[in-house]
Each structure stands twice: as structure tokens, then as C-alpha cells.
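As C-alpha cells, the structure follows; a few thoughts come after it.
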Amino acid sequence: MTAKEYLSQAYRLDQRINSNLEQVESLNGLATKVSSTLTGMPKNPNHATSTMADAVSKIIDLQAEINNDIDRLVDLKREMVTVIKAVANTECQTLLELRYLCFKTWEQIAVEMNYTVRNVHLLHKEALQIVVVPARLH
């Protein structure tokens with residue numbers, strides 16, 4: 001695994017968590033939605049209950065998955081902090097923290113560090129060459 005692949009894991013995991021949170025929000029909306037159709041035909045009284053139960057079950061499963069992903073993200077970020085702090089160059093450390101822990105764009109990093117975007121890219125290339133990926137991931 002390259003340094004960039006290793007450091008990019010947190011962003012991907014964060015994206016998945018956010019996607020799952022949106023799904024939970026959507027399922028909550030479906031579970032609380034009440035609709036009725038007025039017809040002369042009798043209906044199965046358990047249908048609405050089972051639909052809501054299915055939605056609630058899916059919400060619970062998704063929330064458990066989100067919690068597991070959040071635990072993994074916290075552990076990964078803790079490990080990444082250690083890896084980034086091992087980089088001797090403080091400029092490189094700052095760039096890596098802003099990019100891979102704070103998920104800032106290149107433009108935001110350039111503004112915060114008072115660099116051009118081009119210089120940020122050059123510093124990023126240098127920083128990736130210094131990063132030592134944990135041995136268990138090779």
C-alpha cells in the first residue's frame with residue numbers, strides 16, 4: 001500500500017459514514033410517513049406495521065454499521081496522527097494533517113499555508129515520499 005492509499009483511507013471511510021447517515025435519514029422519513037388510501041376494499045391491518053418494522057430493522061442495522069465504521073475511523077485517524085507526526089518536516093506534517101485528517105481541498109490548504117496551489121502539490125509530493133506506512137500494511 002502506498003502512502004497516498006494509506007492516508008486516503010480515512011476520507012473514503014468518512015464518505016461511507018456520511019452516505020449511510022443519509023440513508024438512515026431517508027429510512028426514518030419512510031418509517032414515519034403515514035399514507036392511507038380510501039377505498040371500499042378491506043386491507044391487511046398488519047401491512048403498515050410490517051412495512052414500518054422492516055424500515056426500523058434496516059435503520060438499526062445501518063446504525064450499527066455506522067457505529068462500527070466510526071470506531072474504525074477513530075482508530076485509523078489515531079494511527080495516522082502517529083504516522084504523520086513521525087514526519088520530521090513540520091511543513092509536510094501540516095499539509096498532511098490538513099489534507100488527510102481535516103479533508104481540506106488543495107485550495108484551502110494553499111490559503112491556510114500561504115502557498116500557491118502548485119507549491120502545495122510539490123510539498124505534498126515531498127511529504128508522501130517521507131511518510132512511512134505501517135509495516136502491517138505492506
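The values are calculated or read from the model by the stated rules, or taken from the named source; none is laboratory data. Everything numeric here is computed off the predicted structure, so don't read it as measured data. Cβ placement follows ideal geometry from the backbone for every residue including glycine, while neighbour counts extend to all protein chains displayed.
In this structure, is Arg78 assigned to a helix (DSSP H, G or I), surrounded by fewer than 12 Cβ atoms within 10 Å (Cβ to Cβ) and either modelled with pLDDT under 95 or more than 18 Å from the chain's Cα centre (by Cα) (or both)?
On the way: assigned to a helix (DSSP H, G or I): yes; surrounded by fewer than 12 Cβ atoms within 10 Å (Cβ to Cβ): yes; either modelled with pLDDT under 95 or more than 18 Å from the chain's Cα centre (by Cα) (or both): no.
Answer is no for this residue.
Among the criteria (1) surrounded by 14 or more Cβ atoms within 10 Å (Cβ to Cβ); (2) in the same structural domain as Ala31 (by TED's automatic domain parsing); (3) modelled with pLDDT of 95 or more, the one Val120 does not fulfil is (2).
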